[in-house]
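Peer 1: The structure under discussion is supplied below as structure tokens; questions concerning it will follow.
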Amino acid sequence: MFLMYHAYMDMTRADDLVRLLVQQNVSIEFEQVNTAGRWVPEYREAWLEEDIQLLEDPNLHYVPQANRDRVLYYEPYDQLSDQQRQLVREGYDKRKDFIGRFARAGGKTLAGCDTASFVLSGICLHRELELLVEAGLSPMQAIQAATRNNFEFLQEEDLGTLQPGKIADLIIVRENPLEDIRNTRTLDLVMLDGKLVDTGYHADFVNPIPNPFAGGGFVNPRPFLRVIYPMSGSQLNQELTLIIEGSNLADESVVEFDGSEVHSTPVASTMLRETLYNPVYTQLEVTIPARLLDRYGSYRVIVRNPRPQGGVSNALTFFVAQ
């Protein structure tokens, strides 16, 4: 929903806000990659292909499955209506306009990409620099956003610029990023504290953080079922509408009735409005085709939520009695 909110920005007041921010020496981390990467289709499609290729590398198999799933399967854009998608486009255009005004006025931009969400660490920062340039920063301003500005904001005096006495953390690239910001990807050497770093991928790498952040707001919860209305019937070979009640029911929940997938629709009035990213509901409406109600007895009902995370619910039973 981020970019839809931006669609309602009154750009006639943007310059006033920019002046205030610059006067107050406010630094802004826009995280363009965290919005465009999932909400602007042309980026999503191109970057997904690149992410798939990276994650197929056997030397990157140490990347946790939860992170892989968030990168490969989190697709909220697919759930939007045509009207909402238009708002997303308008919001992204206004957001770029604002970033450009902020940069031209001397505002201090920070570069980051929120690797706890649905982006792939490392490459996401290169993409962030590309999007900052697209929004109006010069390549040098984008590079400074990822180096000098970040460390000034963090008050890390030993990092951020190449100066005598500072820690020698630096990269050397083969092509000039001032001509094309994508040239930050042409890494030749990486130095950490004055020592060269092996930039290859290694299958035996162990994540030094034992309990990485789960990023719960960006994943589908596991559903739980409480009751079906009605719980039983007496007619065979007749279409039947059921209400499934429980928790963590989502737009993409899939209902299985006696092993067959059937179409379901969340009951809009049961949406939990306090959810931030993935809306959840307490009821699903599902229509059981007549062909599936072909015998007396019990029918097993479960709900599956898709990746990332997701899972299978507990089972309930629907009865057809004589």
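Peer 1: If the only charges are +1 at each Lys and Arg Cβ and -1 at each Asp and Glu Cβ, what is the size of the charge dipole of segment 2-196 around the Cα centre, to the nearest 20 debye? If you can, show how the numbers build up before the last one.
Peer 2: On the way: 21 positive and 33 negative charges, 100 e Å.
Around 480 debye, computed over segment 2-196.
Peer 1: Starting from the Cα of K195, draw a straight line to each of the aspartates and glutamates and keep only those under 19 Å, dropping any in the same chain fewer than 8 residues away.
Peer 2: Correct list for K195: D158, D169.
Peer 1: Could you bin all the Cα-Cα distances of segment 106-248 into 5 Å bins starting at 0 and give me the percent of pairs in each, rounded to whole numbers?
Peer 2: Cα pair-distance distribution for segment 106-248, in percent: 2, 7, 11, 14, 15, 12, 8, 5, 4, 4, 5, 5, 4, 3, 2, 1, 0.
Peer 1: While we're looking at this one, here's another question. Report the residue, chosen from R295, R182, R101, that carries the largest GNM mean-square fluctuation when the chain is represented by alpha-carbon nodes joined by springs under 10 Å.
Peer 2: Between R295, R182, R101, it is R295 that shows the largest mean-square fluctuation.
Peer 1: Continuing with the same structure: Once the Cα atoms of segment 180-271 are picked out, what are the Rg and Dmax in Å?
Peer 2: In Å, with Rg to one decimal and Dmax whole: 25.4, 78.
Peer 1: Another question, if that's okay. Quick one: if the Förster radius is 30 Å, what FRET efficiency do D97 and F153 give, using the C-beta to C-beta distance and rounding to 0.05? Intermediate results must be reported in sequence, preceding the final value.
Peer 2: Values: r = 24 Å, r/R0 = 0.79.
Working from the Cβ atoms, E equals 0.80.
Peer 1: Just flag the GluC sites (Glu not before Pro) in segment 1-79 sitting in loop per DSSP whose Cβ has no more than 12 other Cβ atoms within 10 Å.
Peer 2: Details: sites: E29, E31, E42, E45, E49, E50, E56; in loops: E31, E56.
Hits after loop and neighbour filter: E56.
Peer 1: Let me ask something else about it. For Cα pairs less than 8 Å apart in space and 6+ apart in sequence, what is the mean separation divided by the residue count of segment 240-322, i.e. the relative contact order in percent?
Peer 2: Working: 159 pairs, mean separation 27.4, N = 83.
Relative contact order of segment 240-322: 33 percent.
Peer 1: Now for a separate question. If only Cα atoms are counted, what is the Rg of segment 220-320, and what is its Dmax, in Å?
Peer 2: Every Cα atom of segment 220-320 included, Rg and Dmax give 13.4, 43 Å.
Peer 1: Please list, short to long, the whole-number percent of alpha-carbon pairs of segment 2-196 in consecutive 10 angstrom bins beginning at zero.
Peer 2: For segment 2-196, the binned pair fractions read 8, 30, 35, 21, 5, 0 percent.
Peer 1: May I ask for the distance between the Cα centers of segment 151-182 and segment 266-322, given as a whole number of Å?
Peer 2: 53 Å
Peer 1: Leaving out same-chain residues fewer than 8 places away, which lysines sit with a Cα under 25 Å from that of K96?
Peer 2: K108
Peer 1: Would you mind telling me the antiparallel percentage of the DSSP bridges in the chain, rounded to 5?
Peer 2: Counting only bridges with both partners in the chain, antiparallel ones make up about 85 percent.
Peer 1: To the nearest µm²/s, what D does Stokes-Einstein give for segment 1-112 at 25 °C and 0.890 mPa s, using the Kirkwood radius over alpha carbon pairs as Rh?
Peer 2: For these conditions, the coefficient is 154 µm²/s.
Peer 1: To continue, here is another question. Could you tally the net charge around G310, taking each other residue with its Cβ under 14 Å from the Cβ of G310, Lys/Arg +1 and Asp/Glu -1?
Peer 2: Residues near G310 contribute 0 overall.
Peer 1: For segment 220-255, state which GluC sites (Glu not before Pro) are in a DSSP loop and have at most 13 other beta carbons lying within 10 Å of their beta carbon.
Peer 2: E239
Peer 1: So for segment 223-271, averaging the separation of alpha carbon pairs under 8 Å that are six or more residues apart and normalising by length, what relative contact order in percent results?
Peer 2: 33 percent
Peer 1: Would you mind getting me the FRET efficiency between S232 and Q79? Use the beta-carbon distance for r and R0 = 51 Å, nearest 0.05.
Peer 2: 0.95
Peer 1: Expressed as a whole number of Å, what is the distance separating the alpha-carbon centroids of segment 1-33 and segment 104-140?
Peer 2: Segment 104-140 and segment 1-33 have Cα centres spaced 15 Å from each other.
Peer 1: Per-residue ellipticity at 222 nm for the chain, helices alone: DSSP H runs ≥ 4 residues times -39500 (n - 2.57), over residue total, nearest 500 deg cm²/dmol?
Peer 2: After summing the helix terms and dividing by residue count, I get -9000 deg cm²/dmol.
Peer 1: Follow-up. Can you tell me how much longer the chain between V206 and T161 gets when fully stretched, taken as 0.36 nm per residue apart minus their C-alpha distance, in nm with one decimal?
Peer 2: Full-extension gain reported as 13.2 nm.
Bear in mind these aren't lab numbers, they're just calculated from the coordinates by the rules spelled out. These numbers were taken from a predicted model, which means no experiment stands behind them. Here Cβ is always computed from backbone atoms with ideal geometry, including for glycine, and neighbour counts include all displayed protein chains.
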